[in-house]
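The values are calculated or read from the model by the stated rules, or taken from the named source; none is laboratory data. This structure is a prediction, so every number in the text was calculated from the model and none was measured. Counting neighbours? That spans all protein chains shown, and the Cβs are built from the backbone with ideal geometry, glycine included. Surface accessibility is based on the protein's heavy atoms, side chains included, excluding ligands, DNA and RNA. Shrake-Rupley method; radii C 1.70, N 1.55, O 1.52, S 1.80 Å.
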Amino acid sequence: MDKTQLIECAKEARELSYSPYSHFAVGAAVLCADGSVYPGANVENSSYPLCMCAERNALYNAMMDGKTRDDFVAFALIADSTEPCSPCGACRQVLSELYPESAPIYMANLKGDVKETTVLELLPFAFSGDDL
Ligand code: THU
């Protein structure tokens, strides 16, 4: 699966977003070395702090099927944003824990803009288990 197909998977996941409060639907998808892809979308709650982002749902979805950091080879997220959708701070921290630091992360929007980055770029000097 190439970059465009992975972004398309994230776009399909976005259709499952439950975002009645922000009306900001986000989709994500993580690709594994065996070719499997795990989608995620943001799921909101009337108690706002309980909202869960698309990126974390995608990673947790993969983990619930037994996948771990070593399996992940690419990640995509997409929203109807002016610029390619950028992961929030919480998701950057979770990506730094669960996703390989140099593997590609494709940030996209519905207009077709795509930016490629990595965890290392998104969260330099990350706090990690090594710091405990
Ligand atoms: N959201 C994500 O799903 N991922 C991000 O990285 C940015 C924010 C969601 C959370 C909330 O449901 C909505 O977008 C508005 O913040």
task = Output the relative contact order of the chain, whole-number percent, from Cα pairs under 8 angstrom with separation of 6+ residues.
result = 21 percent
query = Based on the Cα atoms of the range 1-125, what semi-axes does the equivalent ellipsoid have, where each is the square root of 5 times one gyration tensor eigenvalue, given in whole Å with the largest first?
reply = 20, 16, 15
request  = Please turn the phi angles of the range 72-82 into ³J(HN,Hα) values with the Karplus equation 6.51 cos²θ - 1.76 cosθ + 1.60 (θ = phi - 60°), one per residue in order, whole Hz, x for glycine and proline.
outcome  = 7, 10, 7, 9, 9, 9, 8, 8, 8, 10, 5
Quotient of C-alpha Rg and 2.2 N^0.38 Å, computed over the range 72-132 = 1.15
Net charge contributed by nearby residues that have their C-beta within less than 12 Å of A103 (K/R +1, D/E -1) = -4
query = Treating the beta-carbon of each Lys and Arg as +1 and of each Asp and Glu as -1, no other charges, what is the dipole magnitude of the chain about its Cα centre, to the nearest 20 debye?
reply = 260 debye
query = How large is the accessible surface per residue of the range 3-131, computed with a 1.4 Å probe and reported in Å² as a whole number?
reply = 53 Å²
Protein accessible area in the chain, 1.4 Å probe - carbon and sulfur % = 53 percent
